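Below is one structure, written out as structure tokens, with a few remarks after it.
The values are calculated or read from the model by the stated rules, or taken from the named source; none is laboratory data. Computed from a predicted structure; not experimentally measured. Here the Cβ positions follow ideal geometry from the backbone for every residue, glycine too, while neighbour counts run over all protein chains shown.
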């Protein structure tokens, strides 16, 4: 086949990036295509690529990045791992009296809470301790995270999603103040002497709505002990109101709650709280364990819990590179674990704190999909169930309720200002499972982005095919594709029996600059015919082939030796200016 024929075929073809149905949804969304990244493929290794748009473009991930430390923790520790909190004694224990200290070492269990105290205190009593003459010593040295209470990410300083990690975490660093106006009652949900409530609320005989339905709040951190000021007017007719804020240190809250529970169970503590590492002469008393990692990562993903994600990152840092763990160790650990298990694709990756509450965190759709594929291959449904299930639970419980997507999607979402992302799996009615990542970083409105994602997922549920048309720009003479290099020495001879209805090509790659000589040499080494073309990008096509069987034989070689994502393009003569990507 000569160059003129090749040029004619190239000029008269489209190389699709999206199926027509998804392309229509994108065009109707009102969001510029440059703001959208889409990557959809059949789930698992070797699954056919279905749709790709800006799939390698670096984006702000928001909370979809949580699945990286979540999956890395699963790979490193296993679903059944349980976070320890260790209890020691220093001194002598005789006749129920511990003449010394009770030492508690935290390893960052983010789930440790008030509900664990009964079991902990029961165990302390079962060990024969009825009185502690010394202090309660807390070792929070497993993480090197400083003393900040909140991340300061935005103006909602005291909101739970801004809570900072700590090796001695308790109640997710949240302090809860219970207000019951109709009973004129204000109290702390958990005994905690580390902060003070100043009640300046005025109860008024007004309907419980508007300005009278919720107490005003001001937090003063200028003194050693934080003060929470309740102020303004509130209706006497209002029922219970709980204020949940990040106010104080979790290890202080733990100390006061533990001491109070011990007292209620008849165990007295004479001393105070001290921060120190476990002394060398300490004796292990017992170890309290968290729930399973499987349950913890499920809450991290389904509820998009920032604190849990931060703790997973830091835990991996300590496990891989030793305590005390730091953000740098955590990031390094996550990347190493994923890469060593073949779960990390190509492209820029900045994990930052692992929670997605960040503007510096970065990744691309294809990289994220690569991880999802790896998880699907290794753990299947068990992994998928840790994600939010459409219309059932988590962040997409309401979003897909009453739609065809209900019970057919397992997803992790991510939302920040000008960011609306989603990634995971969608199962079509025909039974095919797809890995789906849709990242939208736009000024056009998060609701538009959510609608776009919803519509694509609905379309995918009803989709029955495999190979699909993918929509891109029509090639016109004013945007003629420039032939950079052509090699037709190895073009198969036309069979005297077969009457080809068109030509088949294999697209091996798409580049922003001229393909390297090494890349071209890899094609020549296989003895394959090829052509390099240019419009807005350089694309390398292997072929042409007179029939699909011949083309697929070469496609297998290309995928094995050059690019596993290569796909087949059919340019039939009766399609004139249309082409079909067959994969």
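Just a few scattered comments:
- Single residue of 99, 57 found to be part of a loop (DSSP other than H, G, I, E, B) and over 19 Å from residue 374 (Cα atoms): 57
- Condition met for residue 341 (surrounded by fewer than 23 Cβ atoms within 10 Å (Cβ to Cβ), more than 25 Å from residue 406 (Cβ to Cβ) and either touching a helix residue (DSSP H, G or I) at 6+ places or on another chain (Cβ under 9 Å) or at pLDDT 95 or above (or both)): yes
Yes/no per residue for (1) out of contact with any strand residue (DSSP E or B) (no Cβ under 6 Å at 6 or more places or on another chain); (2) surrounded by fewer than 23 Cβ atoms within 10 Å (Cβ to Cβ); (3) in a helix (DSSP H, G or I):
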{"position": "37", "(1), (2), (3)": "no, no, no"}
{"position": "71", "(1), (2), (3)": "yes, no, yes"}
{"position": "84", "(1), (2), (3)": "no, yes, no"}
{"position": "91", "(1), (2), (3)": "no, yes, no"}
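- The set of residues in segment 306-350 being free of Cβ contacts under 8 Å to residues at least 24 places away in the same chain and part of a helix (DSSP H, G or I) consists of 317, 321, 328, 329, 331, 332, 335, 336, 339, 340.
- Residue check for residue 246: modelled with pLDDT of 95 or more and in contact with a helix residue (DSSP H, G or I) (Cβ under 8 Å, 6 or more places away or on another chain): yes
- Any hit, segment 357-368, residues being within 21 Å of residue 50 (Cβ to Cβ), touching a helix residue (DSSP H, G or I) at 6+ places or on another chain (Cβ under 8 Å), in a helix (DSSP H, G or I) and modelled with pLDDT of 95 or more: yes
- Flag if residue 525 is surrounded by fewer than 22 Cβ atoms within 10 Å (Cβ to Cβ), over 30 Å from residue 373 (Cα atoms), at pLDDT below 85 and touching a strand residue (DSSP E or B) at 6+ places or on another chain (Cβ under 6 Å): no
- Taken as a whole, the condition of being farther than 23 Å from residue 51 by Cβ, buried (at least 20 other Cβ atoms within 10 Å of the Cβ) and at pLDDT 95 or above applies to residue 353.
- Odd one out for residue 478, checked against (1) surrounded by fewer than 19 Cβ atoms within 10 Å (Cβ to Cβ); (2) at pLDDT 95 or above; (3) not in a loop (DSSP other than H, G, I, E, B): (2)
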